[in-house]
Amino acid sequence: MSRDTPHRSQTTDEHLSLQADRLIIATNRGPVEYVVTREKTLKFRRGSGGVVTALSGIVSRVNTTWVALAMTDGDHRAVVEAHEGLLESPMRDLHVHLRYVEVPKSVYRKHYDLMSNRILWFTQHYLLEHGEDALSAEKLQDAWKNGYTRVNEVIAAAICEEIEREPSKAMIMLHDYHLYLVSARVRERHPRIVMQQFLHIPWPEFRYWASSLPTAILRAIFEGVLGNDILGFQTRRDADNFLEGVHALLGRVGAQIDADHQEIVWKDHRTQVRDYPISISVTDERTIVRSRPSQRALDQIKPFLREYTIMRVDRIEPTKNIVQGFRAYDTLLEQHPELHQKVTFLAFLVPSRRSLSLYRKYQDQTVKIIEEVNEKYQTPDWTPIHAFVQNDRVVALTALQCYDALLVNPIIDGMNLVAKEGPVVNKTNGVLVLSRSSGAFQQLAEACIPISPADHLETAEALYKALTLPKEERQHLLQLAREEIERNNLHTWIEQQIHEMNDVLKTK
């Protein structure tokens, strides 16, 4: 179930630290989001997502600068008010300088809305043909040249300035698909700097890349990330897809690929290709569900529970396959009328990317299928589906304690942390129903009921099996999942990367 990299004990390496004098992190979105209040004062809130949590454990032990784009009006104001472009992090537990770089709004839109979210996100989730109206060749080239490339150059320049700020040894960590060109740009000025980049979303097969993007852009992406010393993916399949892509695109023009050791030499530079399945902080998740806010949330959730409870927790976006999941539930109710009045489906859904019409349409489709199922089966004292459309992490985690079946059926996902959050907090011997195409399946294949996300009939059968498994089997599956997640938790994820980054640092 676990990856091939040997597990290193959490206890023996508790004080593991990066063997560099300085760490420079670069992401599209910063760890702090500044907001201008109605009173025109500047406030902040901690950024969402696991990257901040995962990295906070090492930034406290090394001098760190975090480079990111100024995204909000508050971010831009904070940049103006900052001295020499550096902000001290207002978070007590994150001792890090913040450097937010600015670009014109038109450049930001082309980079973030068009190239990153409309093209790369959908391409890497095998959904480009399902996106909004395709960009013309001219608009695509404009978004690439005058948006994506410019932002990557600005981020790279800021990193180089930070490297040059003092002579001590620095290490660079880049994150995700917004910054594919940065490492190669930085290496042009600093050929011996150590860089690592982790990609949070899937890396598709080369044939899909090649059928989706012009060759010049595709080559720039592959050459761009090969500026890293270590390139990390969520799963071994993603890493293998990258290796195969390098062979197809660059093999005839000098790239040397060592598939056995997962290494590539390109332009006299060696890149190690690794998979680091991201995980969760098991301790943090369990602390949340023991908190007073969680206890209050549990009191609100209990009235919705039935003899059988199915749950899902997702952002509302096409990759999550929410509509198909509710179709499967409709089939379950149709085929098993004995479950009527006894089962309920609680869906905790977070609105996402409302600026894109495709996402707004998908939310409308989600609401429609919920209404259809409820109208078809509901009675005066039973509503088949209860949807909670909100962004409340405490409520969602609290509810996950109570599921009998947790449906995680994305078309494809880099990882899907809900599949890991559910088992570590569940108290009802809940069973995970999981897409084979999710990143989490690599680790949890033996601890779930696997499904094809394309088949609502198969999903309905899997849900029925999950609800009716004998108690001993339910306990066994849950225990398998917990052991895997506890063994390979968020600490392990960052620990594996630090070990391998330190190995590279020793050679420079």
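The values are calculated or read from the model by the stated rules, or taken from the named source; none is laboratory data. Computed from a prediction, not measured in an experiment: that's the story for all the values here. Neighbour counts are summed over all protein chains in view; Cβ atoms, including those assigned to glycine, are modelled from backbone coordinates with ideal geometry. Please note that ligands, DNA and RNA were not included when accessible areas were found on the heavy atoms of the full protein model with its side chains. Shrake-Rupley method; radii C 1.70, N 1.55, O 1.52, S 1.80 Å.
Things worth noting here:
- Of all DSSP beta bridges in the stretch 153-299, antiparallel share, percent nearest 5: 35
- Residue-averaged [θ]222 nm for the chain, counting only DSSP H segments that reach four residues, each worth -39500 (n - 2.57): -12500 deg cm²/dmol
- For L332, neighbours were defined as the other residues whose beta-carbon sits under 14 Å from its Cβ, and their charges (Lys and Arg +1, Asp and Glu -1) total -1.
- Hydrodynamic radius of the stretch 164-219 per Kirkwood, over alpha carbon pairs, in Å: 13.4
- Neighbour-limited loop hits for trypsin sites (Lys or Arg not before Pro), the stretch 326-362 (at most 11 other Cβ within 10 Å; DSSP other than H, G, I, E, B): R354
- Fraction of accessible area attributable to carbon and sulfur, the chain (%, probe 1.4 Å): 48
- Put simply, the stretch 379-508 fits an ellipsoid with semi-axes of 31, 17, 15 Å; these come from the alpha carbon gyration tensor as the roots of five times its eigenvalues, largest first.
- Summing charges over all other residues whose Cβ lies under 12 Å from the Cβ of D364, with Lys and Arg as +1 and Asp and Glu as -1, gives +3.
- Magnitude of the charge dipole for the stretch 444-494, about its Cα centre and with charges confined to Cβ atoms of Lys, Arg (+1) and Asp, Glu (-1), is about 180 debye.
- Whether the stretch 281-350 is rounded, prolate or oblate, judged on the alpha carbon gyration tensor where a/c under 1.5 counts as rounded: oblate
- Only one of (1) 43, 24, 21; (2) 38, 25, 24; (3) 64, 22, 18 was calculated from the structure for semi-axes √(5λ) of the Cα gyration tensor in Å, and its label is (2).
- Binned Cα-Cα distances of the stretch 433-473, short to long, each 10 Å bin given as a whole percent: 30, 52, 18
- Based on protein heavy atoms only, the chain ends up with 43 Å² per residue of surface accessible to a 1.4 Å probe.
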